[in-house]
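See structure below.
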Amino acid sequence: MAFTSFHLYFDDVEVGQEWESLGRTITETDIVNFAGLSGDFNPIHIDHEFAASTPFRRPIAHGLLVFSIASGLGLYSPPMRTLAFLGIREWYFRGPVFIGDTLRAVSKILSKEIRGRGRRGEITWQRQIINQERKVVQEGITITLVEGRAATGLSAAPAEGEKVKAGADMANAPPPRADGDAQ
């Protein structure tokens, strides 16, 4: 799922717009690699025998692994010209994620604030991470810094219907969710 163009500027999006990412399936390798990277070797994540004795009955993914994957999914949907991840206003872990679960990120713009005379802007997002059953497993509010058109010398967003040059992979990107229904 590689995009050759993160083409949406701060100026191109509006409060209330919503996108849903493509799916990403969690593997046991993801969990083991994250345990090694983070140093979190809690047996509930990596020991099948121990996990069988818990209410989950099987290993669960680390909460921060899921958050990290969601961060990556959010980069692609929408493909914004993000300069920085500024913060997490709040974040909740609503349910377990198991090996084999397929996750999607649902991202909705809550607010926008111009910074640097239009060269950039802060976007506050409502993010939900849903599994293959469309159950919310994590959700919260995040803030990103996004490049504005003034930074590039471009004065306005493309006209309605005008195509933005993008890589071939953009044909597979889901469109913005205008009606709030799942796609």
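The values are calculated or read from the model by the stated rules, or taken from the named source; none is laboratory data. Please read these numbers as outputs of a predicted model, since none were measured by experiment. Backbone-built Cβ (ideal geometry, glycine too); neighbour counts: all protein chains shown.
Tabulated results
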item	result
Condition check for residue 54: surrounded by 12 or more Cβ atoms within 10 Å (Cβ to Cβ), among the polar types (S, T, N, Q) and at pLDDT 95 or above	yes
Residue count for the stretch 70-85, restricted to those that are of a type outside the set (Ser, Thr, Tyr), in contact with an Asp or Glu (Cβ under 8 Å, 6 or more places away or on another chain) and in a loop (DSSP other than H, G, I, E, B)	1
Subset tally (residues that are free of Cβ contacts under 8 Å to residues at least 60 places away in the same chain and either surrounded by 17 or more Cβ atoms within 10 Å (Cβ to Cβ) or closer than 25 Å to residue 12 by Cβ (or both)) for the stretch 57-66	5
Given (1) out of contact with any helix residue (DSSP H, G or I) (no Cβ under 7 Å at 6 or more places or on another chain); (2) among the hydroxyl-bearing types (Ser, Thr, Tyr); (3) within 21 Å of residue 128 (Cα to Cα), index of the condition residue 21 fails	(1)
Residue check, residue 58 at negative phi, part of a loop (DSSP other than H, G, I, E, B) and among the charged types (D, E, K, R)	yes
Residues of the stretch 11-28 satisfying the condition of being at pLDDT 95 or above and in a helix (DSSP H, G or I)	28
Filter pass, residue 94 being loosely packed, with under 14 Cβ neighbours inside 10 Å, closer than 23 Å to residue 46 by Cα, in contact with a strand residue (DSSP E or B) (Cβ under 7 Å, 6 or more places away or on another chain) and among the basic types (Lys, Arg)	yes
Residue, surrounded by the fewest Cβ atoms within 10 Å (Cβ to Cβ), within the stretch 103-148, restricted to residues that are outside any strand (DSSP E or B) and polar (S, T, N, Q)	132
Conditions (1) touching a helix residue (DSSP H, G or I) at 6+ places or on another chain (Cβ under 6 Å); (2) crowded, with 17+ Cβ neighbours inside 10 Å; (3) among the basic types (Lys, Arg); number of the one not met by residue 81	(1)
Failed criterion for residue 39 (all others in (1) within 25 Å of residue 87 (Cα to Cα); (2) within 21 Å of the chain's Cα centre (by Cα) hold)	(2)
Qualifying residue in the stretch 168-183 (condition: modelled with pLDDT under 95 and touching a Lys or Arg at 6+ places or on another chain (Cβ under 7 Å))	yes
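Yes or no, residue by residue, for (1) surrounded by 16 or more Cβ atoms within 10 Å (Cβ to Cβ); (2) in a helix (DSSP H, G or I):
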site: 30; (1), (2): yes, yes
site: 37; (1), (2): no, yes
site: 41; (1), (2): no, no
site: 68; (1), (2): no, yes
site: 87; (1), (2): no, no
